[in-house]
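Only one structure is covered here, and it is reproduced in the block below.
The values are calculated or read from the model by the stated rules, or taken from the named source; none is laboratory data. A quick note: this is a predicted structure, and the numbers were derived from the prediction, not measured. In this analysis, Cβ positions are derived from the backbone assuming ideal geometry, glycine residues included, and neighbour counts consider all displayed protein chains. Side chains included, ligands, DNA and RNA excluded: accessible areas come from the protein's heavy atoms. Shrake-Rupley method; radii C 1.70, N 1.55, O 1.52, S 1.80 Å.
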Amino acid sequence: MKEKGVGTGIFLAVLAAAFYSVSIPLSKVLLDYMPSTLTAGFLYLGAGAGMLVLAPLRRCAGAEKREEKLTRRELPFVVAMIVLDIAAPVCLLFGLRYATAANVSLLNNFEIVATAVVALAVFHEKISLRLWLGILFVTLSCVLLSFEGEGLRFSFGSLFVLAACICWGIENNCTRRISSKDPLQIVLLKGVFSGAGSLCIGLILGERVTHLWSVFAVMGVGLVAYGLSIFFYVHAQRLLGAARTGAYYAVAPFLGTLLSVIIFRQPPAPVYYAALALMALGAWLSSGDTPLFARKKKHPQKETVSEERDGEERLQ
């Protein structure tokens with residue numbers, strides 16, 4: 001893999017993070033006007049609607065012909081991806097009701113830990129010592145962020161945010177298995193089926209839309225924070241792998257934290273700054289990790305074999 005491909009992958013991962021960073025603070029505002037499960041559904045439906053608009057534009061540009069379509073072989077990963085994308089945002093938005101937007105934005109970085117551990121344990125991606133150190137600091141930061149008050153009382157909302165991160169960590173690895181396929185098709189499936197699933201659950205639970213304008217506002221946030229973000233994230237995974245894409249994606253919580261402070265004008269607690277320092281160190285260590293294909297290997301004849309090919313061989 002050429003260095004240009006690595007640089008492109010990093011750029012796409014950071015761009016995906018920038019788009020996603022608006023999700024937490026804006027969702028916190030919109031939760032005052034729409035129940036959490038319905039909000040999760042309309043966020044993903046917004047992503048799907050955006051891809052429906054993007055599809056004909058891409059077809060005119062001729063880019064669609066270069067993309068491989070999903071097949072029946074990828075069905076288990078697609079189903080798992082959709083189910084996890086229903087559970088994760090519901091947990092996240094429920095936790096967001098009981099925690100500050102700034103804390104939730106930082107806690108979102110626990111997704112790095114979940115993604116890397118699943119990548120190692122299930123899909124056998126190699127993880128360097130530097131990335132392990134990054135994971136350690138991110139975990140310590142999450143522990144601090146999970147407690148509040150002078151008595152170090154565990155935050156109820158943090159539990160749901162961490163559950164969401166675990167769901168997304170597993171989902172990231174499922175998406176990695178199909179990242180060589182058409183990213184627009186992947187996002188469209190996520191948007192339509194995950195969104196519809198969340199809406200059905202919300203309606204069964206008795207949630208209802210009381211402000212019609214909030215539907216369009218939430219879908220707009222979903223278009224940017226979920227649609228475009230996932231679209232670029234899948235492209236980045238092709239070049240970097242699941243664990244390392246998650247590491248570069250770690251800038252999203254910091255951007256989200258900045259937006260949260262600007263929007264809510266609520267200064268964080270002192271422990272937040274200690275957690276911020278640990279999180280920044282962990283994210284820096286993680287994002288500075290060298291992708292597998294960028295390292296020199298002991299066997300020159302294997303240097304042309306990409307990480308994607310390795311992943312396909314393991315599946316077979």
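Within the option set Leu205, Leu285, being more than 20 Å from Ser21 (Cα to Cα), at pLDDT 80 or above and in contact with a Lys or Arg (Cβ under 9 Å, 6 or more places away or on another chain) holds for one residue only, Leu285. Between Val117, Val104, the distinction of being out of contact with any Phe, Trp or Tyr (no Cβ under 6 Å at 6 or more places or on another chain) and closer than 22 Å to Lys28 by Cβ belongs to Val104 only. All conditions but one from (1) of a type outside the set (Phe, Trp, Tyr); (2) within 18 Å of Ala163 (Cα to Cα); (3) in a helix (DSSP H, G or I) apply to Ala99; the one that does not is (3). Of all residues assigned to the stretch 43-59, none qualifies as being open to solvent by less than 50 Å² (accessible area, probe 1.4 Å) and either of a type in the set (Val, Ile, Thr) or outside any helix (DSSP H, G or I) (or both). Taking first residues from the stretch 1-20 that are open to solvent by 40 Å² or more (accessible area, probe 1.4 Å) and partners that are at pLDDT below 90 and not in a helix (DSSP H, G or I), the Cβ contacts under 6 Å between residues at least 6 apart in sequence or on separate chains come to Met1/Ser306. Screening the candidates Val113, Val79 for the property of being closer than 30 Å to Phe156 by Cβ and assigned to a helix (DSSP H, G or I) yields one hit, Val113. For the condition crowded, with 24+ Cβ neighbours inside 10 Å and under 15 Å from Gly227 (Cα atoms), Ser194 qualifies.
Within the span defined as the stretch 226-239, every residue fails to be over 30 Å from Val53 (Cα atoms), open to solvent by less than 10 Å² (accessible area, probe 1.4 Å) and at pLDDT 50 or above. The set of residues in the stretch 127-155 being modelled with pLDDT of 80 or more, farther than 15 Å from Ala275 by Cβ and surrounded by fewer than 22 Cβ atoms within 10 Å (Cβ to Cβ) consists of Ser128, Leu129, Arg130, Trp132, Leu133.
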